[in-house]
Amino acid sequence: MRDRMDREFDRPLDVEALARDVHMSSGHLSRSFRAAYGESPYSYLMTRRIERAMALFRRGDLNVTEVCFTVGFSSLGTFSTRFSELVGMSPSAYRRLAEDRDAELPSCVTKAVTRPVRNREAPPLPPN
C-alpha cells in the first residue's frame, strides 16, 4: 500500500479504497499501517504530496495553483494549509525562496535537508 501511495500520490486516494484493494477494513488497515510506519496512511500520503510539491517549486516552472493540482490536491486552501503546517511557510513563500536560491547544493542533498516535518512540528519562522 505504501508503494502504491508513492506511485499514485497525484490520484484521489482514500483509506477506504486502499483497504478494499487489500481486502481489509479501513480501521484495520489504518492500525496496521500506523504500527508498521509510525503514522497514519493519510499523514504519509500528505507528506509525500508535500515533498513532491517542494521539488516542483525548486524546479521553478510551475505556479502554486499548478503545483497544487499536479500533486493531487483538489483544493488550493487545503494544499496551502497542509504545506504551511509541514514546511513552516506558505507555498508562495517557499516558491520565492526556492527561486532566490541558485543551485547551492546537489538536488539529492537538497531533497534530504528540506524534507517536510510531520505532525505540525515545523519550526516557527524567525522574525524579519
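Quick note: the coordinates plus some simple rules give every number you see, no bench work behind them. Bear in mind that the values here come from a model prediction, so they are computed numbers and not experimental data. Note that we place each Cβ from the backbone using ideal geometry, even for glycine, and neighbour counts take in every protein chain shown.
Computed quantities for the displayed model
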| quantity | calculated |
| --- | --- |
| R0 of 25 Å, Cβ-Cβ distance Ser74-Asp100: FRET efficiency to nearest 0.05 | 0.25 |
| Size of region 4-58 as Cα extents on the principal axes (Å, biggest first) | 38, 22, 12 |
| Quarter of the Cα convex hull surface for region 2-113, i.e. its orientation-mean projected area (nm²) | 7.4 nm² |
| Shape metrics for region 38-96, restricted to C-alpha atoms - Rg then Dmax, Å | 10.6, 34 |
